[in-house]
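Below: the structure, in structure tokens.
The values are calculated or read from the model by the stated rules, or taken from the named source; none is laboratory data. The structure presented is a predicted model; accordingly, all values stated were derived computationally and were not measured. Quick reminder, even Gly has a Cβ in these numbers, built from the backbone with ideal geometry, and neighbours come from all protein chains shown.
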Amino acid sequence: MTTTTFDLDHSTRRRLSYMLMDKIDEYYSSLSARAVQPPKEQRRFTYTAEPIPEQGEDPEAVFERLLNDLIERGFHISSANYLGLMNPTPTFVSVLAEALVAAINPQLASVERSATASMIEKQTVDWVGRRVGWTQPFGGVFATGGSEANFTALQLALVKLQPAIIDQGLQSLKSPAVFYASSESHHSLDKAAGMLGLGRQSLRRIGVNDRLQMDLEQLERRILSDLRNNYLPFCVVGTAGTTNAGAIDDLRRMAEISNKYGLWFHVDGAYGAAVIFSDKYKNLVSGIELADSVTIDPHKWLAMPFAAGIFLTTHPKLLSQAYGTAAPYLQTSEDCRLEDNFQISSQWSRRMNSLKLWATLKVHGRLGYELLIENQMKLASGLARWVNDSELFTLAAPQVLPSIIFRVNLRGVDEAEIAAANRAVVEEVNRSGQRWISLTTVAGRSAIRTMVISYLTTEAHLLELEGALRVAAERVINKRP
Ligand SMILES: Cc1ncc(COP(=O)(O)O)c(C=O)c1O
């Protein structure tokens, strides 16, 4: 069959979608045991250019081949054995919600053309903001992820500092604006500083203590020296769950310092702020409620597929101040009094990234997340205990969230040798493709990063991981001269 039109008939639509849903269902059934990727020797990273298809092909054949490539030869973040970064197995409900979003394709730019979808997004933002500990009025929008949300935070902080910046740019500032984040905070802040025209040097990276939290004395010293040197401090960024190690800054004290110097306080909780959904663990991010703005990424610990970031702020008016524009081709009728989404976001056309979280909360409730977080915290502390008791490894950071960071336990050797041993262990563990862990640098030192992020990961998966780590470390240590 040659597809000559996009308008597939009813029976083809049904046949294709049932076939695809069956495959997705089969895929989900396989995830508990699925290898993350093919064995090392079978991995291919070459790109072969193909000519653009002039004529369409039979859709069933296209999907069959695609599924074979994606599933049999792919890399599976959704596997229960994906144990190295904060990308989750999406809830099945979120997969269904995503299909619905694509089918209905609501345009969230304007409320009039997406009233139901916009209300759902508003409701979801409200739920999350209330879990932060806020009561209305607060504002927020869904974003593509933490990078966009962090960018938004810095932009609003600048607008608060100098509203004229919206029209006149950085030249409306008397002095160069600078902001503060720890040396462990995410590189999206460097990018945002560049994109905002502040320049990456405007980000003052402050050192960390042995819990990998920002050193607050150093922070105050730096603020004071910047003030003395005629810089314009405007924002402090606290991290709730660093990418490297899941460390959480002392948010309460950072809020106090920000307040003392009149600075915007942003919490980048892209990963760890998910604990606000747990009554048992939300105290880990105590002080988050004092923030002027918060980033939280449902596509990390809240088990959503990409893309889902949320930006929240207690200064909702600044959102429309920063992003409001006239759009003469968009007339809003008198009876629609709600703010259009394009007026409160850097995006114009907007995908409905909220439905998957809304639907998951509707189906599983907040208690679904309470359970997920409690279970993963328990699994992670078990793995951290194993590392601590092991002769072969030593913890490289305290375990706070379900991130367990450690190093090969080699005494009397230099940092380069430990880094090489860590790399060799990670390569060895990942060689078969069955499971995946990662390598990182924590406070300038090499470390092996493991993480419990999939709701499918159980103690059995971690026992297998421990076995693989033991074998790899023994091999690496025995190979040494
Ligand atoms: C702490 C933190 N902030 C921000 C980001 C950026 O988020 P995204 O990848 O969704 O843009 C990440 C990503 O890992 C992160 O860990």
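Things to note:
- Take the conditions (1) of a type in the set (S, T, N, Q); (2) assigned to a loop (DSSP other than H, G, I, E, B); (3) at negative phi; residue 239 misses just one of them, which is (2).
- Whichever residue in the range 151-165 is more than 15 Å from the ligand (Cβ to nearest atom) and part of a helix (DSSP H, G or I) and, among such residues, is farthest from residue 271 (Cα to Cα): 165
- Residue 50 part of a loop (DSSP other than H, G, I, E, B), acidic (Asp, Glu) and closer than 17 Å to residue 69 by Cα: yes
- Against the conditions (1) in a helix (DSSP H, G or I); (2) within 16 Å of the ligand (Cβ to nearest atom); (3) over 26 Å from residue 202 (Cα atoms), residue 100 satisfies every one except (2).
- Some residue of the range 97-105 being at pLDDT below 95 and either over 27 Å from residue 401 (Cβ atoms) or among the polar types (S, T, N, Q) (or both): no
- Residue list for the range 247-272, restricted to those being under 12 Å from the mean Cα position of the chain (by Cα) and not charged (D, E, K, R): 269, 270, 271, 272
- Subset of the range 197-211 (residues that are under 20 Å from residue 161 (Cα atoms) and either surrounded by fewer than 18 Cβ atoms within 10 Å (Cβ to Cβ) or of a type in the set (Gly, Ala, Ser) (or both)): 197, 199, 200, 201, 202
- Failed item, numbered, when residue 286 is tested on (1) within 16 Å of the ligand (Cβ to nearest atom); (2) polar (S, T, N, Q); (3) over 18 Å from the mean Cα position of the chain (by Cα): (1)
- Selection status of residue 106, within 16 Å of the ligand (Cβ to nearest atom), surrounded by 15 or more Cβ atoms within 10 Å (Cβ to Cβ) and either touching a residue at least 60 places away in the same chain (Cβ under 8 Å) or not polar (S, T, N, Q) (or both): no
- Residues that are over 14 Å from residue 205 (Cβ atoms) and assigned to a helix (DSSP H, G or I) within the range 226-236 comprise 227, 228, listed in sequence order.
- Some residue of the range 88-96 being β-branched (Val, Ile, Thr) and surrounded by fewer than 14 Cβ atoms within 10 Å (Cβ to Cβ): no
- Cβ separations smaller than 8 Å between residues 6+ apart or across chains give the following pairs from the range 285-308 residues that are under 21 Å from residue 101 (Cα atoms) to residues that are away from the ligand (no atom under 12 Å from the Cβ) and among the charged types (D, E, K, R): 298/356; 304/356; 305/98; 305/356; 307/351; 308/356.
- Flag for residue 77 being under 23 Å from the mean Cα position of the chain (by Cα) and either assigned to a loop (DSSP other than H, G, I, E, B) or closer than 30 Å to residue 449 by Cα (or both): yes
- Every residue from the range 305-325 that is away from the ligand (no atom under 11 Å from the Cβ) and either among the hydrophobic types (A, V, I, L, M, F, W, C) or part of a loop (DSSP other than H, G, I, E, B) (or both): 305, 311, 312, 314, 315, 318, 319, 322, 324, 325
- Residue match in the range 65-79 (condition: touching a residue at least 60 places away in the same chain (Cβ under 8 Å), in contact with a helix residue (DSSP H, G or I) (Cβ under 7 Å, 6 or more places away or on another chain) and under 30 Å from residue 241 (Cβ atoms)): no
- Just one of the listed residues (202, 175) is among the polar types (S, T, N, Q) and touching a helix residue (DSSP H, G or I) at 6+ places or on another chain (Cβ under 9 Å), namely 202.
- Hits in the range 154-174 - residues which are of a type in the set (Lys, Arg) and surrounded by 14 or more Cβ atoms within 10 Å (Cβ to Cβ): 160
- If you go through the range 344-364 and keep only what is crowded, with 20+ Cβ neighbours inside 10 Å and more than 18 Å from residue 301 (Cα to Cα), you end up with 344, 345, 350, 352.
- Qualifying residue in the range 174-193 (condition: out of contact with any Lys or Arg (no Cβ under 8 Å at 6 or more places or on another chain), more than 15 Å from the ligand (Cβ to nearest atom) and either under 28 Å from residue 403 (Cα atoms) or assigned to a helix (DSSP H, G or I) (or both)): no
- Scan of the range 124-150 for residues that are among the hydrophobic types (A, V, I, L, M, F, W, C) and either within 16 Å of the ligand (Cβ to nearest atom) or in a helix (DSSP H, G or I) (or both), ordered by number: 125, 127, 128, 132, 141, 142, 143, 149
- So residue 211, is it touching a residue at least 40 places away in the same chain (Cβ under 8 Å), among the basic types (Lys, Arg), within 26 Å of residue 445 (Cα to Cα) and not in a helix (DSSP H, G or I): yes
- Filter result (assigned to a helix (DSSP H, G or I) and within 11 Å of the ligand (Cβ to nearest atom)) within the range 255-281: 272, 273
- Scanning the range 212-245 for residues that are within 12 Å of the ligand (Cβ to nearest atom), buried (at least 24 other Cβ atoms within 10 Å of the Cβ) and under 16 Å from residue 188 (Cα atoms) yields 237, 238, 239, 240, 241, 242.
- Every condition in (1) within 16 Å of the ligand (Cβ to nearest atom); (2) among the acidic types (Asp, Glu); (3) more than 24 Å from the chain's Cα centre (by Cα) holds for residue 340 except the one numbered (1).
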